[in-house]
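Structure first, commentary second.
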Amino acid sequence: MNVSEYRIGSGSLSLDGSDVGGTTPEGIVVKDAPDVHLHLSGKFGSTPVKATLLGRKLTLEITMAETTAANMLKVFPGSVSADGKTKFGGVAGVALVGHTMVLTPFDGTTPWHFRNVVQTSPIDVAYQTTNERVFKATFTALIDMDVPEAENLAYVS
């Protein structure tokens, strides 16, 4: 056992090379949801005999403490900045542009690099006297067709 490899703590987050500022103590949560097909055999009934990876959904749940206009554009899909305003609206079917995202742990361990993420969750922004105003968002990694298949969602290095 190597207890020096036990870790705790948050990290910094950049989107398209720009720091998004601080996060709350909830920090950033990376989730990997593999889609695994379990093969069954008549001989063994409902006990799987083989597994095949069909795909995976890699997401990042982020609670941003800095509710700036720049961060608002990053977390509200399809929002735009023009004429001194952050604008919400438009028509259905507009393609979202993916972003690069890097999660760098404060303890100096290896960063996560996500090649192509889009924000995919509902956003609640609380204007309340007893709660901090935050942007809580989930980003989903999309395939980047221009890189090797083994790292077309993300890599740690």
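Computed from the coordinates by the stated procedures, all read-outs in this text should not be read as laboratory data. Here the structure is a predicted model, which means the values were calculated and not measured. Here the Cβ is made from the backbone with ideal geometry for all residues, glycine too, and neighbour counts use every protein chain on show.
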**Request:** Consider GLU132 carefully, then state whether it is part of a loop (DSSP other than H, G, I, E, B), of a type in the set (D, E, K, R) and either over 22 Å from ILE28 (Cα atoms) or touching a strand residue (DSSP E or B) at 6+ places or on another chain (Cβ under 8 Å) (or both).
**Result:** yes
**Fill in**
Checked the range 1-44 for anything more than 20 Å from ARG115 (Cα to Cα), touching a strand residue (DSSP E or B) at 6+ places or on another chain (Cβ under 9 Å) and charged (D, E, K, R); matches are ARG7, GLU26, ASP35, LYS43
**Fill in**
Checked the range 74-117 for anything closer than 27 Å to PRO148 by Cα and either of a type in the set (S, T, N, Q) or touching a helix residue (DSSP H, G or I) at 6+ places or on another chain (Cβ under 7 Å) (or both); matches are THR100, THR104, THR109, THR110, ASN116
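So which of THR67, THR104, THR140, THR100 ends up being assigned to a loop (DSSP other than H, G, I, E, B), among the β-branched types (Val, Ile, Thr) and within 23 Å of GLU26 (Cα to Cα)?
THR67
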**Request:** For the range 70-86, state whether one or more residues are of a type in the set (Ser, Thr, Tyr), touching a residue at least 12 places away in the same chain (Cβ under 8 Å) and in contact with a His (Cβ under 8 Å, 6 or more places away or on another chain).
**Result:** no
**Prompt:** From THR120, THR140, THR110, THR100, which residue is more than 17 Å from THR23 (Cα to Cα), out of contact with any Phe, Trp or Tyr (no Cβ under 6 Å at 6 or more places or on another chain) and surrounded by fewer than 14 Cβ atoms within 10 Å (Cβ to Cβ)?
**Reply:** THR110
**Message:** Could you tell me how many of the residues in the range 1-33 are assigned to a strand (DSSP E or B) and under 15 Å from the mean Cα position of the chain (by Cα)?
**Reply:** 15
